[in-house]
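These notes concern the structure reproduced below.
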Amino acid sequence: MSTGLERGGQPPIEVTEDDLEALLGDRALARDDHMNAPGFVIRPDDVQSVLTDLRDEAGFDHLANLTAQEYADRYESIYHLRKYDDPTQEVSIVVPTTTDDPVSQSAEPVFRTADWHEREAFDLVGIDYEGHPDPRRILLPETWQGHPLSRGYDQEKPQLVTLTEHANPVQPDHHDDESDTMFLNIGPHHPATHGVLHIETVLDGETVVDVDPDVGYLHRCEEQMCQQGTYRHQIMPYPDRWDYVSAGLLNEWAYARTAEDLADIEVPEYAQVIRTMGAELCRIASHMLALATFALDVYGDFTAIFQYGMRDREVVQDILEDLTGQRLMFNYFRLGGVAWDLPEPREEFIEKTRDFLDGLPAKVDEYNDLLTGNEIFQIRCHDTGVLEPEVAKQYGCTGPVARGSGIDYDLRRDDPYGYYDNLEWDVVTEDGCDNYSRVLVRMQEVEESAKIIEQCLDLLEDWPEDERTVQSNVPRTLKPDTDTEIYRSVEGAKGELGIYIRSDGTDKPGRFKIRSPCFHNLSALPEMSEGEYVPDLIASLGSLDIVLGEVDR
C-alpha cells in the first residue's frame, strides 16, 4: 500500500484550527469555513502579512489556487493554501473588498504564482491588486472593455480594437543604437504543436534574458459554461475538453470528486476500481504523447521516437475506446460511479489490456535505448531548464515538473481517492531539476501506472458478478445548500487538477473555478529559461508538457 510515510521522513506536524486562530489573531475578522478547509476572512491590506505567517510559521507553502468572484455586496478573493508535505492540511483565506473600490493587496511578494492568478482575477472579475508587479490582462487583449465575470458586464457591448492591433506583424528590422538586445517572437504556432502559445523573448546575443509567455489564444469560457450547466448531467462532458489530448478521465475525475464531496455522494468500490484503471490508462497515453513530442522538439526525431510513442499511445486509446466508446472525449464518469461496466466479453477486454501491459517493459527499454541514452538528447537536456525545488514551490508547480525537481508530492498517495491507497505502487521523483529529470519521471511513471492497472485487472477479474455495482443511487436533481464552498483536486497527468465550486442553492454552480496544473507550470518558464539559449528554451517548454486548452480554459 502506498502511504504518506513512504517519503522517508517524519509525518508533517498537524496545525489545528486553534493554532491558526492564534497565529492570525485579530487579523482574522470572521470565519468562513469551506467543506475542505477552515476559512478566515481578513482585511485587504493584511494579505501579505497573513500569507507570510501561514507559509513561514504554519508550513502552508503551496498556494494551490486563487478564486475571485463578485457578490451583490462585495468582491472576494479566496487563496486556497496547502502544504507540499501534506496536502490534506488546508486553509482558505478570504479577502472581501467593497464593490465601489475593489482593491486588495497583492500576494505576489509571498507566492510568485499569485502573479498570473491575480492577473486573471483582474482580467475576468475586475479586482485590482495593489503592489502587483505586472497588472495587465492575461487571457483577454488589453483593449478589452469590462470584466466578463463581473455582475454588471454587458455581453452585448461591442468591443473596440485600436488601429495598432491591426498593424502589419511583419515589420522591417529596427535597430536601437542604445540597446544590444533583440526582441524575438516565438509563436503562436499552429495548434498541432504545443498549442497556440506566443512567447515574447528578449535576447542578448544568443542568450535569453527575458521571457514572457502570452496566453489566452484558446480561452473558451470553460468555467462560465460549467456555471450554466446542471451538476447531475450537463457539466461532465466539459472536463474532457480541458486537457483534450489524453487526460479525459483524469479531468472527469476532478469534477466528479468535487461534486460528489459537495453533494455527499458515495461511489461503489467496484466503480472506484474501474475509475482507477481508466485514469492510469489515460496517464500512460498522456506521458507517451509527452515523450513523443519532446523528442520531436529536442532533436527533430520524427521517424523513431515520435512514431513509436504514437504507436503505443494508439494501443492505449484502443483500450479506452473499448471501455468508454470514445477515443478522446470519453464522458465515461458519472456522479456516483461510471457509465457502464467493462465491455463484453470481459475476458477479451482484460486479455487485450494484459497483452499491452506485458509488452510495455520491452517498449520502455526501447525508449531508453533510443532516447535517454542518446548523446544528443543528453547534451540538450542535462543541466538545461533547471528549476530548483523552492522555486518550483513558489510557482505552485506539481506533477512530473515538481517531481523532476525532487518534490515528493502526489495526490494519489498524499490525499487518497479512488482505489489508490489499496494498491502497491511508488511515487517517482528525480533530483536533477532539469529537462532530463522530467523525462525520466514520466517514463518511470508509465511503469508505475502499469503496476496499478495490473492490480485493478486482477480485482475486476475476480469481482463477484452480483456485486458489480457501477453507480450509486444519485438524485436526478442536485441542489447543494446555498453558499456551500469546496475545493477538491486529483493528480492529473500534468499535476494537481483542482476545482472550486460555490453553490447558490440551485441545480447549477454559482461559481466554478478550474485550477490548471499547466497554468502554474507554464508560469515558471521564465525561471527555467533566462540565461540559457533559444534551443534550451524550446526544450524547457517541451519538458513542461503543457496543453493550452487547460492553460486558457
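The values are calculated or read from the model by the stated rules, or taken from the named source; none is laboratory data. These numbers come from a predicted model, not from an experiment. All Cβ positions, glycine included, derive from the backbone under ideal geometry; neighbour counts span all protein chains shown. Surface accessibility is based on the protein's heavy atoms, side chains included, excluding ligands, DNA and RNA. Shrake-Rupley method; radii C 1.70, N 1.55, O 1.52, S 1.80 Å.
List of remarks:
- Trp340 passes every criterion in (1) within 28 Å of the chain's Cα centre (by Cα); (2) part of a helix (DSSP H, G or I) apart from (2).
Matching residues to (1) closer than 23 Å to Leu203 by Cα; (2) at pLDDT 85 or above:
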site: Lys513; (1), (2): no, yes
site: Cys518; (1), (2): no, yes
site: Pro526; (1), (2): yes, yes
site: Asp552; (1), (2): no, no
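- Checked against the criterion of being among the small types (Gly, Ala, Ser) and farther than 30 Å from Ile13 by Cα, the candidates Ala107, Ala64, Ala121 yield just one match: Ala121.
- Of everything listed in (1) surrounded by fewer than 20 Cβ atoms within 10 Å (Cβ to Cβ); (2) in contact (Cβ under 8 Å) with a residue 12 or more places away in the chain; (3) closer than 29 Å to Pro268 by Cβ, the single unmet condition for Asp431 is (3).
- Residue count for region 434-468 satisfying the condition of being charged (D, E, K, R) and under 19 Å from the mean Cα position of the chain (by Cα): 3.
- Residue match in region 232-252 (condition: over 30 Å from Gly404 (Cβ atoms), open to solvent by less than 30 Å² (accessible area, probe 1.4 Å) and touching a helix residue (DSSP H, G or I) at 6+ places or on another chain (Cβ under 9 Å)): yes
- Yes/no for Thr469 being more than 30 Å from Tyr367 (Cα to Cα) and in contact with an Asp or Glu (Cβ under 7 Å, 6 or more places away or on another chain): no
- The set of residues in region 281-300 that are acidic (Asp, Glu) and more than 21 Å from Gly404 (Cβ to Cβ) is empty.
- Taking the criterion of being open to solvent by 10 Å² or more (accessible area, probe 1.4 Å), out of contact with any Leu (no Cβ under 8 Å at 6 or more places or on another chain) and farther than 17 Å from His34 by Cα, the residues of region 254-279 that qualify are Glu266, Val267, Pro268, Glu269, Gln272.
- So Ser523, is it under 24 Å from Pro87 (Cβ atoms) and among the small types (Gly, Ala, Ser): yes
- Residue check, Pro141 surrounded by fewer than 20 Cβ atoms within 10 Å (Cβ to Cβ) and closer than 19 Å to Ala524 by Cβ: no
- Annotation: of all residues in region 257-284 being farther than 24 Å from Glu424 by Cα and aliphatic (A, V, I, L, M), the one that is nearest to the chain's Cα centre (by Cα) is Ala259.
- Identity of the residue in region 188-230, touching a Phe, Trp or Tyr at 6+ places or on another chain (Cβ under 6 Å) and assigned to a loop (DSSP other than H, G, I, E, B), that ends up modelled with the highest pLDDT: Glu206
- Counting the residues of region 319-333 that are open to solvent by 60 Å² or more (accessible area, probe 1.4 Å) and not in a loop (DSSP other than H, G, I, E, B) gives 2.
- Residues satisfying the stated conditions in region 441-475, i.e. in contact with a Pro (Cβ under 9 Å, 6 or more places away or on another chain) and either closer than 20 Å to Ala295 by Cβ or β-branched (Val, Ile, Thr) (or both): Val441, Arg442, Glu445, Glu447, Thr469, Val470
- Apart from one condition, Val386 fits all of (1) surrounded by fewer than 21 Cβ atoms within 10 Å (Cβ to Cβ); (2) farther than 28 Å from Trp242 by Cα; the exception is (2).
- For region 82-119, the set of residues classified as buried (at least 24 other Cβ atoms within 10 Å of the Cβ) and free of Cβ contacts under 8 Å to residues at least 40 places away in the same chain consists of Arg82, Pro102, listed by residue number.
- Residue satisfying condition, being out of contact with any Pro (no Cβ under 7 Å at 6 or more places or on another chain) and under 23 Å from Ser489 (Cα atoms), within set Ala256, Ala263: Ala256
- Of all residues in region 342-376, those that are among the charged types (D, E, K, R), loosely packed, with under 12 Cβ neighbours inside 10 Å and within 20 Å of Ala290 (Cβ to Cβ) total 2.
- Yes/no for Glu130 being out of contact with any strand residue (DSSP E or B) (no Cβ under 8 Å at 6 or more places or on another chain), surrounded by fewer than 20 Cβ atoms within 10 Å (Cβ to Cβ) and of a type in the set (Asp, Glu): no
- Flag for Arg380 being under 27 Å from the mean Cα position of the chain (by Cα), at pLDDT 90 or above and surrounded by 14 or more Cβ atoms within 10 Å (Cβ to Cβ): no
- Region 31-79, subset in contact (Cβ under 8 Å) with a residue 40 or more places away in the chain, assigned to a helix (DSSP H, G or I) and open to solvent by 10 Å² or more (accessible area, probe 1.4 Å), residue nearest to Asp483 (Cα to Cα): Pro44
- Of all the numbered requirements in (1) under 28 Å from Asp123 (Cα atoms); (2) modelled with pLDDT of 85 or more, Arg257 misses one, and that requirement is (1).
- Residue in region 408-426 that is touching a residue at least 24 places away in the same chain (Cβ under 8 Å), hydroxyl-bearing (Ser, Thr, Tyr) and in a helix (DSSP H, G or I) present: yes
Residues are listed down the side, and each one gets a yes or a no for (1) in a helix (DSSP H, G or I); (2) modelled with pLDDT under 85; (3) among the polar types (S, T, N, Q); (4) out of contact with any Asp or Glu (no Cβ under 9 Å at 6 or more places or on another chain):
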{"position": "Phe349", "(1), (2), (3), (4)": "yes, no, no, no"}
{"position": "Asp358", "(1), (2), (3), (4)": "yes, no, no, yes"}
{"position": "Pro361", "(1), (2), (3), (4)": "yes, no, no, no"}
{"position": "Leu370", "(1), (2), (3), (4)": "yes, yes, no, no"}
